[in-house]
Amino acid sequence: MAETNTRPPLYIRIHAADNVAIVANDGGLKTGATFADGLVLVDNVPQGHKVALADLAEGDAIVRYNVVIGYAQKALPRGSWVHERVMRMPTAPELDGLPIATVKPPALPPLEGYTFEGYRNADGSVGSRNILAITQTVQCVAGVTEFAVQRIKAELLPKFPNVDDVVALEHSYGCGVAIDAPDAIIPIRTLRNISLNPNFGGEVMVVSLGCEKLQPERLLPPGTIPIADQRGENVATADAPLDVVCLQDDAHVGFMSMIDSVMRQAEVHLARLNSRRRETVPASELVVGVQCGGSDAFSGVTANPAVGFATDLLVRAGATVMFSETTEVRDGIDQLTSRASSPEVAEAMIREMAWYDAYLQKGRVDRSANTTPGNKKGGLSNIVEKAMGSIVKSGSAPITGVLSPGEKAKQKGLIYAATPASDFICGTLQLAAGINLHIFTTGRGTPYGLAEVPVIKVATRSDLARRWHDLMDVNAGRIADGDATIEDVGWELFRLMLDVASGKKKTWAEHWKLHNALVLFNPAPVT
């Protein structure tokens, strides 16, 4: 395959009103490189970085995505390299006077006839995997639980071939925290809802220390766990027993007795999970979280627009799809409130933004703290530019719901799930929201994965897809290469989702068993 750097100089301009574009060539371009329209570089410009398409005077607006992403801090002649050190970032948009539910796009035609093979649960949800998850009330038990899980995988799991995996829901919460503080509800409901993720089949098993602040009954109160009656209908009952292995119980004499207790209880749950079988369900049962990490300037050109196209397909199929990352959509809040399906949805988004603004202010930072050295090396000068590329993952459908951190989705359609932009915290909160599939785009590259749901990784650039050929599942860089359209990759991604959800295909993260730890969002004090 011909490398991009053997091609003539090429830049990508998003909108006709933009006065900057990004260099597309692998390895970037040197001073003097001349584009087909006669533009000549007056600086060396790395791949993905911006070049001025017109002379910019000091103070002039720098426009990409038809949005002002900054102001020139000095005169920048046509052909100059435009980067964060020569730009001043705009102030954040105000949360007052925003357009509220003003965009009424024509209804997209339903997308019918698409199915996958999933596991139906007593609460009506559908899993894409059949996993035994062991919930932990406190970090203190993590070592014991992990030791037990390794033995379960080696000694018990082979006896239950219909169970995909055993995972320990390890986290750093549970004690040494202000558990009655108002914001403590966020980590508590997050862990509660993760324990009830569709991929766990309603089999809730808990390992507790005994003396922790987050007692099992507080984490999972009576009536929390849905069970099915003999007709298979959902029943929430206050009498359903909570299966807890408490390490401080007098019955435990020595470490191995703790391990034996965990394994004994795990075998009961494994037997029930093993009796489950996949069945054909409509694509409307997909609950998909979309996220980006290690973003670059191509994220908003290739991978994220393709994900946005797939998002629209999911919504047309009646599925649930959620986008997140508060600081990465904050600068486009007007785009989101205008797409809200109702004033109530718009106001809920505004409340989440205001809450997060106050949270950042309390920590004496603002949204600009989001961008990483890798983002900037990949051509993203600031959070405004990054936000414009991030939002396009949400597609064009109306936004029908808003979730606060740790809440579970209870409706179909496109949902804004408010989370920090941290990859690990966002993924953890989307798990709590009930996803059974995760889409993750990256330009710089990251081996990110989740043990609890399949993660489909989408590369923004062909160079990354080639180098990380056994980590990236989809190469959206073909869009920039001219070898595929956004629609082509969007459909490819949609069909791959169905195959992965059906268990017909494994993602690379699943193949290598790569996963990151759960990271609970805890804005409450630590004591």
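The values are calculated or read from the model by the stated rules, or taken from the named source; none is laboratory data. Just so it is clear, the structure is predicted and the values come from calculations on it, not from any experiment. Here Cβ is always computed from backbone atoms with ideal geometry, including for glycine, and neighbour counts include all displayed protein chains. Each accessible area value is taken on the protein alone, full model and side chains, heavy atoms only, with ligands, DNA and RNA left out. Shrake-Rupley method; radii C 1.70, N 1.55, O 1.52, S 1.80 Å.
If I filter the stretch 437-444 for residues that are closer than 28 Å to T190 by Cα, small (G, A, S) and not in a strand (DSSP E or B), do I get at least one hit? No; the residues of the stretch 437-444 include none that is closer than 28 Å to T190 by Cα, small (G, A, S) and not in a strand (DSSP E or B).
Comparison of D43, D37, D26 shows that the only residue that is charged (D, E, K, R), open to solvent by less than 40 Å² (accessible area, probe 1.4 Å) and either touching a Ser or Thr at 6+ places or on another chain (Cβ under 9 Å) or modelled with pLDDT of 95 or more (or both) is D26. Among the residues in the stretch 178-190, are any open to solvent by 10 Å² or more (accessible area, probe 1.4 Å) and small (G, A, S)? For the stretch 178-190, residues open to solvent by 10 Å² or more (accessible area, probe 1.4 Å) and small (G, A, S): present.
Condition first: in contact with a strand residue (DSSP E or B) (Cβ under 8 Å, 6 or more places away or on another chain) and on the phi > 0 side of the Ramachandran plot. Can you find one or more residues in the stretch 348-357 that meet it? Looking for residues that are in contact with a strand residue (DSSP E or B) (Cβ under 8 Å, 6 or more places away or on another chain) and on the phi > 0 side of the Ramachandran plot, one finds none in the stretch 348-357, hence no.
Taking first residues from the stretch 41-52 that are of a type in the set (D, E) and partners that are assigned to a loop (DSSP other than H, G, I, E, B), the Cβ contacts under 7 Å between residues at least 6 apart in sequence or on separate chains come to D43/T31; D43/S80. Looking only at residues of the stretch 72-91 that are small (G, A, S) and over 17 Å from P46 (Cα atoms), we find that the one that is least open to solvent (accessible area, probe 1.4 Å) is A72.
For R129, the criteria (1) farther than 30 Å from S342 by Cα; (2) in a loop (DSSP other than H, G, I, E, B); (3) open to solvent by 70 Å² or more (accessible area, probe 1.4 Å) hold in every case but one, which is (3). Scanning the stretch 236-270 for residues that are within 19 Å of G201 (Cβ to Cβ), modelled with pLDDT under 95 and loosely packed, with under 15 Cβ neighbours inside 10 Å yields A236, T237, P241.
Cβ separations smaller than 8 Å between residues 6+ apart or across chains give the following pairs from the stretch 266-282 residues that are more than 14 Å from K153 (Cα to Cα) to residues that are acidic (D, E) and at pLDDT 95 or above: V268/D243; R272/E203; L273/E203; R278/E117; E279/E117; T280/E117; V281/E117.
When S390, S368 are screened for being at pLDDT below 95 and part of a helix (DSSP H, G or I), only S368 passes.
In this entry, T311 is excluded by the filter for residues that are surrounded by fewer than 23 Cβ atoms within 10 Å (Cβ to Cβ) and under 26 Å from R478 (Cα atoms). One residue alone among L214, L273 is within 24 Å of R129 (Cα to Cα) and either at pLDDT 95 or above or outside any helix (DSSP H, G or I) (or both), and that residue is L273.
Residues in the stretch 469-504 that are over 17 Å from the mean Cα position of the chain (by Cα), of a type in the set (D, E, K, R), under 23 Å from K393 (Cα atoms) and in a loop (DSSP other than H, G, I, E, B): D483 alone.
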